[in-house]
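Peer 1: Please see the structure below; I have some questions.
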Amino acid sequence: DAGITQSPRHKVTETGTPVTLRCHQTENHRYMYWYRQDPGHGLRLIHYSYGVKDTDKGEVSDGYSVSRSKTEDFLLTLESATSSQTSVYFCAIINTNTGELFFGEGSRLTVL
Amino acid sequence: DAKTTQPNSMESNEEEPVHLPCNHSTISGTDYIHWYRQLPSQGPEYVIHGLTSNVNNRMASLAIAEDRKSSTLILHRATLRDAAVYYCIPHIIQGAQKLVFGQGTRLTINP
């Protein structure tokens with residue numbers, strides 16, 4: 001357990017509304033990641049961060065933005081949610097002492 | 001980013017050994033080979049990692065080819081709880097990096 005919490009864990013929203021998912025960590029890790037996972041599919045990288053205010057795009061960044069104003073929080077924002085963004089979103093951190101990736105429990109987002 | 005190739009699915013019987021292969025022919029010299037697994041309805045969890053030598057821990061063993069272009073995760077005696085999707089992903093320990101997962105191998109364990 002690397003002290004990662006995601007919120008909200010479940011959310012139902014309507015098309016066109018903004019949504020923000022939060023990833024919070026308590027152990028001061030530098031590298032944080034957001035992934036999405038659709039039924040029967042693998043993990044796809046959305047954005048990642050390598051420090052406060054340092055972020056970069058992943059494989060599927062269109063329609064998503066991120067912010068990291070402090071070490072412990074990495075926010076994923078859908079400016080105008082679409083039904084194709086219905087998915088389970090996972091946050092992850094790397095423990096750079098051991099090289100292990102730790103994942104949060106996931107946030108299930110449904111866009112109607 | 002090192003690309004990986006894994007079989008989409010594998011099947012084995014309970015209490016038998018399972019060998020899960022991964023090809024990572026574009027791996028860089030500083031990448032460690034990591035394996036993660038994802039149980040149903042859960043986030044992925046760490047299994048094992050190594051650089052050049054074979055590695056063992058309580059969950060599994062990792063056999064790394066001499067040229068490091070492939071590796072094999074070994075579950076010595078599979079249990080029903082080992083049914084999961086297994087991912088191999090080369091990555092460095094420190095440094096900014098895109099961590100791109102492949103499709104993984106869905107392992108089914110028969111009782």
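Peer 1: Read through the list (1) in contact with a Ser or Thr (Cβ under 9 Å, 6 or more places away or on another chain); (2) surrounded by fewer than 16 Cβ atoms within 10 Å (Cβ to Cβ); (3) within 28 Å of B:R37 (Cβ to Cβ); (4) more than 13 Å from chain B (Cβ to nearest Cβ), then give the number of the only condition that A:T17 fails.
Peer 2: Single failed check for A:T17: (3).
Peer 1: Here are some residues: A:R30, A:R36. Which one is more than 16 Å from A:Q6 (Cα to Cα) and either surrounded by 15 or more Cβ atoms within 10 Å (Cβ to Cβ) or of a type in the set (V, I, T) (or both)?
Peer 2: Among A:R30, A:R36, only A:R30 is more than 16 Å from A:Q6 (Cα to Cα) and either surrounded by 15 or more Cβ atoms within 10 Å (Cβ to Cβ) or of a type in the set (V, I, T) (or both).
Peer 1: Here is a list of conditions, (1) hydrophobic (A, V, I, L, M, F, W, C); (2) outside any strand (DSSP E or B); (3) at the interface with chain A (Cβ under 10 Å from one of its Cβ atoms), and B:I27 meets all of them except one; can you say which number that is?
Peer 2: Here B:I27 clears every test but (3).
Peer 1: Would you check which residues across the stretch B:76-90 are away from chain A (no Cβ under 14 Å) and either open to solvent by 10 Å² or more (accessible area, probe 1.4 Å) or touching a Phe, Trp or Tyr at 6+ places or on another chain (Cβ under 9 Å) (or both) and list them?
Peer 2: Selection gives B:H76, B:R77, B:T79, B:L80, B:R81, B:D82, B:A83.
Peer 1: Can you tell me which residue in the stretch A:40-76 is nearest to the other protein chains (Cβ to nearest Cβ), limited to those that are under 13 Å from the mean Cα position of the chain (by Cα), open to solvent by 10 Å² or more (accessible area, probe 1.4 Å) and among the aromatic types (F, W, Y)?
Peer 2: Here the residue is A:Y48.
Peer 1: Right, next: Quick one: is B:R68 assigned to a loop (DSSP other than H, G, I, E, B) and away from every other protein chain (no Cβ under 11 Å)?
Peer 2: When the stated conditions are applied, B:R68 passes them.
Peer 1: State whether one or more residues within the stretch B:10-18 are over 13 Å from the mean Cα position of the chain (by Cα), within 14 Å of chain A (Cβ to nearest Cβ) and open to solvent by 50 Å² or more (accessible area, probe 1.4 Å).
Peer 2: No - not one qualifying residue is present in the stretch B:10-18.
Peer 1: Something else now. Can you go through B:Y32, B:Y36, B:Y46, B:Y87 and tell me which one is more than 11 Å from the chain's Cα centre (by Cα) and among the aromatic types (F, W, Y)?
Peer 2: Among B:Y32, B:Y36, B:Y46, B:Y87, only B:Y32 is more than 11 Å from the chain's Cα centre (by Cα) and among the aromatic types (F, W, Y).
Peer 1: A:Y35 - would you say it is without any contact (Cβ under 8 Å) to a residue 24 or more places away in the chain and not in a loop (DSSP other than H, G, I, E, B)?
Peer 2: Spelling it out, it is not the case that A:Y35 is without any contact (Cβ under 8 Å) to a residue 24 or more places away in the chain and not in a loop (DSSP other than H, G, I, E, B).
Peer 1: When you look at B:Q42, is it out of contact with any Gly (no Cβ under 6 Å at 6 or more places or on another chain), surrounded by fewer than 18 Cβ atoms within 10 Å (Cβ to Cβ), closer than 26 Å to A:V88 by Cβ and within 10 Å of chain A (Cβ to nearest Cβ), yes or no?
Peer 2: Criteria met by B:Q42.
Peer 1: So, in the stretch B:44-65, how many residues would count as being outside any strand (DSSP E or B), among the aliphatic types (A, V, I, L, M) and farther than 26 Å from A:Q37 by Cβ?
Peer 2: Counting residues in the stretch B:44-65 that are outside any strand (DSSP E or B), among the aliphatic types (A, V, I, L, M) and farther than 26 Å from A:Q37 by Cβ gives 2.
Peer 1: On to the next question. Considering the stretch A:77-112 alone, what residues qualify as being within 14 Å of chain B (Cβ to nearest Cβ) and either among the β-branched types (V, I, T) or farther than 26 Å from B:V47 by Cα (or both)?
Peer 2: A:V88, A:I93, A:I94, A:T96, A:T98
Peer 1: Follow-up question, since we're still on this one. Restricting attention to the stretch B:57-111, and to residues there that are of a type in the set (F, W, Y) and modelled with pLDDT of 95 or more, which single residue is farthest from B:V18 (Cα to Cα)?
Peer 2: Looking at the filtered set, the residue picked out is B:Y87.
The values are calculated or read from the model by the stated rules, or taken from the named source; none is laboratory data. Not measured: the values here are computed from a predicted model. All Cβ positions, glycine included, derive from the backbone under ideal geometry; neighbour counts span all protein chains shown. The accessibility values were calculated without ligands, DNA or RNA, using every heavy atom of the protein model including side chains. Shrake-Rupley method; radii C 1.70, N 1.55, O 1.52, S 1.80 Å.
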